[in-house]
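Enquirer: Below is the structure I would like to discuss, written out as structure tokens.
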Amino acid sequence: MNIMYINNKKPVESKCFTEKLGVNQCVIKASGMVLDRFGTILDETIIEQMIRTGTADIGVKYLDCITDAIKEYSAYIFETLRKYEYDSELMRLYITGGGAALIKNFGSFDEDRVIFIEDICATAKGYEKLAYNALLKESEQPKKSVKPKAAGPDDSSENKTQEVTDNADDQSDQSPTES
């Protein structure tokens, strides 16, 4: 699970976190719970179908067991979010990826404060935007330029050195600005 604070439609890079929580861990938990209770090895696609749709065509005892496991996992996700200062009364929660279906179908949350982004590429698009912004920041940094050092009368062409300067210092002909 990736957690990112967004303030005024901009990600707060200092408040991005990753926790090893996701749909696969939920599937493993539910599968383990069925094995512990009934001694049955369950096809994981049944659990994945339940996460996506909220139900499956299986016996009630298995359905109830898997539902309990997914609800517990969903509650654990919200506990983890609170560890990172999530408070539904102070902020909205946007959920993307497979976790959106899991929370939507099995979570306990304030429906007015949680927004589900159903685009399965939303997380990748978000990281692409972060990478793009980082590249923009990097390109805005003053660039270094290399200038040949003036040769003196006893300098041969093989001994010429180069001087690295910061372009920000080469703006003496421009008027000063206040920031």
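Enquirer: Has the range 136-156 got at least one residue that is of a type in the set (A, V, I, L, M, F, W, C) and either within 30 Å of A75 (Cβ to Cβ) or modelled with pLDDT of 85 or more (or both)?
Expert: yes
Enquirer: Would you confirm whether or not the range 48-57 contains a residue that is closer than 18 Å to M1 by Cβ, surrounded by fewer than 18 Cβ atoms within 10 Å (Cβ to Cβ) and at pLDDT below 95?
Expert: The answer is yes; a qualifying residue exists.
Enquirer: Then there's this: Filter the range 1-42 for residues that are modelled with pLDDT of 90 or more and of a type in the set (D, E, K, R) and give the result.
Expert: K15, E19, K20, K29, D36, R37
Enquirer: Now a separate question. Quick one: how many residues across the range 116-125 are in a helix (DSSP H, G or I) and at pLDDT below 80?
Expert: 1
Enquirer: Here are some residues: A101, A69, A30. Which one is in contact with a helix residue (DSSP H, G or I) (Cβ under 9 Å, 6 or more places away or on another chain), under 19 Å from F116 (Cβ atoms) and either part of a helix (DSSP H, G or I) or charged (D, E, K, R) (or both)?
Expert: A101
Enquirer: Name the residue, out of I77, I6, that is in a helix (DSSP H, G or I) and of a type in the set (A, V, I, L, M, F, W, C).
Expert: The unique qualifying residue is I77.
Enquirer: Continuing with the same structure: In the list I46, I51, I6, which residue meets the criterion of being more than 22 Å from E79 (Cα to Cα) and among the hydrophobic types (A, V, I, L, M, F, W, C)?
Expert: Only one candidate qualifies: I46.
The values are calculated or read from the model by the stated rules, or taken from the named source; none is laboratory data. The shown structure was predicted, so the numbers you read here are calculated from the model rather than taken from an experiment. Here the Cβ is made from the backbone with ideal geometry for all residues, glycine too, and neighbour counts use every protein chain on show.
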